[in-house]
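The values are calculated or read from the model by the stated rules, or taken from the named source; none is laboratory data. Being a predicted model, the structure only gives us computed values, none of them experimental. Here the Cβ is made from the backbone with ideal geometry for all residues, glycine too, and neighbour counts use every protein chain on show. These area figures cover heavy atoms from the full protein model, side chains too; ligands, DNA and RNA do not enter into them. Shrake-Rupley method; radii C 1.70, N 1.55, O 1.52, S 1.80 Å.
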Amino acid sequence: MDTTAARDTRACAARRARLAAQMPPGAVAVLPTAPPAIRNGDSEYPYRHDSYFYYLTGFTEPESVLVLVAAHGERPARSILFCREKHPEREIWDGFRYGPQAARAAFGVDEAFAIDAIDTELTRILADAPALYYALAANAALDARVKGWMDAVRALARGGTTAPASFHDLLPLLDEMRLLKDDGEQATMARAGRISAQAHARAMGAARPGVFEYALEAELLYEFRRNGAQFPAYTPIVASGPNACVLHYNANDRQVRDGELVLIDAGCELDGYAADITRTFPVNGRFDAAQRTLYELVLAAQRAAFAAIAPGRPYAGFHEAALRVLVQGMLDLGLVDRSKVGNVDDAIAARAHLPFYMHGTGHWLGMDVHDVGAYRDVTQPGKPSRLLQPGMALTVEPGIYVRPADGVPEAFWNIGIRIEDDVIVTEDGPRILTGDAPREVAEIEALVGKGMHG
Ligand code: GLY
Ligand code: MN
Ligand code: MN
């Protein structure tokens, strides 16, 4: 086994132990991985494991279930993996599968069984267990299976066996754990960030007037894959000209005209972890005056946001910092009418920025591109924004989007700009994972159209 896998196996075992320690004695947690998804006919989407399951196992095969039993009296906590049995014939068609015996050794679980044995084994495991933890009401298929297991245990009542008397939602416990990234996770995220930044640089290098959005998308995907990333972390957005004002545009089929901006929002998924980067650049390598003015405004907003990220500061602070800069700019540039809304505070209170800036300035980032974890401290009165801690990972993505409208200076029409980077909170402030993608005006102008692949 290579050292990366060995380290991850240890990290997964430590996570299972931390989870089990949060459950009452003898309680059982059941966590299946994701089902495969059919695309059409006999064709499946590329398989993607469930993030929670992967977090606790490192195991990427479909048809797998992790069962954890919390320590009870003298019995230590146990991890049990259910997975596909070895199958020489199916392996000719579909490739290698571990099988329980090899999986047990490779992934460091205490026991492993064939997935076909799960009903029998869970009836035994749940017998006399006080509590069951699972993704409550998250999917109907799992709810139905839980009912089946409960029915089987309840059928043993005459012999004195008791079934779990309380059900608990497993996911909030895991959400809190996933919010703080350990060293191995941070290293993987940093690699995902570097590969994705390189992909943005490649697309900038390949841009020129007349290029199709999909050709730039192809540059991104090529760079992701040649560096070992398994997938794009989400459908890439390559939005030129007016398309940049459509937040979730992803048709990526328009030809880019001279003088237009291109907004690219794309990141890879590497070993289960996402990157999420946006860059905006002029396709001909020169920002015009209006484009540059708005670009520098968004850049200033991003700098203000970075300065608000530090341990102990509220999560909401970096959005508020970016928003103030953006709204001041909107007032100064006449996007928002000063005579109607007054100063920055009044404009923000009146939400006068919403036509031009309608999204938040970031989100948690991790295995899921919009990663899990509460944004507010629900244990406090008023549910204030939670405080940042070292190890939290988030995006910082201010933008401005100007659709043609009465009263809006025409020079800015159809300009859409977003600048998005990924950071990890450290004691010293934000560690930027995606800085290799050019962000300053001069860097961008020096690169666009100059790539080897243009
Ligand atoms: N790419 C998704 C997002 O920026 O949130
Ligand atoms: Mn994002
Ligand atoms: Mn994004």
Practice task
Sort out for me the helices (runs of 4 or more DSSP H) sitting completely within segment 280-383 that have 2 or more residues that are over 30 Å from Gln255 (Cβ atoms) and in contact (Cβ under 8 Å) with a residue 40 or more places away in the chain.
Solution key: 289-307, 316-332
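Residues in segment 383-401: is at least one more than 21 Å from the chain's Cα centre (by Cα) and surrounded by 15 or more Cβ atoms within 10 Å (Cβ to Cβ)?
Looking through segment 383-401, at least one residue is more than 21 Å from the chain's Cα centre (by Cα) and surrounded by 15 or more Cβ atoms within 10 Å (Cβ to Cβ).
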Fill in the blank from the handout: Of the residues in segment 229-261, those that are within 13 Å of ligand 1 (Cβ to nearest atom) and either surrounded by fewer than 21 Cβ atoms within 10 Å (Cβ to Cβ) or closer than 20 Å to Arg48 by Cβ (or both) come to Pro232, Ala233, Tyr234, Thr235, Pro236, Ile237, Leu247, His248, Tyr249, Asn250
Exercise for the section: Starting from segment 156-178, take each residue that is farther than 29 Å from Pro390 by Cβ and open to solvent by less than 70 Å² (accessible area, probe 1.4 Å) and list its partners that are of a type in the set (Gly, Ala, Ser) and assigned to a loop (DSSP other than H, G, I, E, B), counting only C-beta distances under 6 angstrom and pairs at least six apart or across chains. Expected result: Thr161/Ala127; Pro164/Ala129
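State yes or no: is Ala215 open to solvent by less than 40 Å² (accessible area, probe 1.4 Å) and either at pLDDT below 95 or not in a helix (DSSP H, G or I) (or both)? Walk me through how you get there before you give the answer.
Details: open to solvent by less than 40 Å² (accessible area, probe 1.4 Å): yes; either at pLDDT below 95 or not in a helix (DSSP H, G or I) (or both): no.
No, not satisfied.
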Exercise for the section: Kindly indicate whether any position in segment 386-398 is more than 16 Å from Gly317 (Cα to Cα), in contact with a helix residue (DSSP H, G or I) (Cβ under 8 Å, 6 or more places away or on another chain) and assigned to a loop (DSSP other than H, G, I, E, B). Expected result: yes
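Only residues that are away from ligand 2 (no atom under 14 Å from the Cβ), part of a strand (DSSP E or B) and either open to solvent by 10 Å² or more (accessible area, probe 1.4 Å) or more than 29 Å from Val408 (Cβ to Cβ) (or both): list them for segment 262-272, please. Before you say what the answer is, go through the steps one by one.
Filtering segment 262-272 for residues away from ligand 2 (no atom under 14 Å from the Cβ) gives 262, 270-272.
Still in the list and also part of a strand (DSSP E or B): 262, 270.
Once the filter is applied, which keeps residues that are away from ligand 2 (no atom under 14 Å from the Cβ), part of a strand (DSSP E or B) and either open to solvent by 10 Å² or more (accessible area, probe 1.4 Å) or more than 29 Å from Val408 (Cβ to Cβ) (or both), segment 262-272 yields only Leu270.
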Exercise for the section: Can you give me the number of residues within segment 274-304 that are away from ligand 1 (no atom under 16 Å from the Cβ), touching a strand residue (DSSP E or B) at 6+ places or on another chain (Cβ under 7 Å) and under 30 Å from Glu185 (Cα atoms)? Expected result: 0
Practice task
Within segment 79-122, count every residue that is open to solvent by 70 Å² or more (accessible area, probe 1.4 Å) and either over 23 Å from Pro46 (Cα atoms) or outside any helix (DSSP H, G or I) (or both).
Solution key: 12
Practice task
Name, by its number, the condition in (1) within 24 Å of Pro404 (Cα to Cα); (2) open to solvent by 10 Å² or more (accessible area, probe 1.4 Å) that does not hold for Arg226.
Solution key: (1)
Exercise for the section: List every residue pair whose Cβ atoms lie under 7 Å apart, where the two residues are 6 or more positions apart in sequence or sit on different chains, the first residue falls within segment 229-245 and is farther than 16 Å from Ala207 by Cα and assigned to a helix (DSSP H, G or I), and the second residue, located anywhere, is within 15 Å of ligand 3 (Cβ to nearest atom) and open to solvent by 10 Å² or more (accessible area, probe 1.4 Å). Expected result: Asn243/Tyr249
Fill in the blank from the handout: Scanning segment 394-434 residue by residue, the ones that are within 16 Å of ligand 3 (Cβ to nearest atom) and of a type outside the set (D, E, K, R) total 14
Handout entry: Odd one out for Ala349, checked against (1) away from ligand 2 (no atom under 16 Å from the Cβ); (2) open to solvent by 20 Å² or more (accessible area, probe 1.4 Å); (3) under 30 Å from Asp175 (Cβ atoms); (4) out of contact with any strand residue (DSSP E or B) (no Cβ under 8 Å at 6 or more places or on another chain)
Key = (3)
Exercise for the section: Within segment 88-98, identify whether any single residue is within 23 Å of Ala14 (Cα to Cα) and in contact (Cβ under 8 Å) with a residue 24 or more places away in the chain, and answer yes or no. Expected result: yes
Completion exercise
Glu223 meets each of (1) outside any helix (DSSP H, G or I); (2) at negative phi with one exception, condition (1)
Practice task
Return a yes/no flag: does segment 56-68 have any residue that is in a helix (DSSP H, G or I) and in contact with a helix residue (DSSP H, G or I) (Cβ under 8 Å, 6 or more places away or on another chain).
Solution key: yes
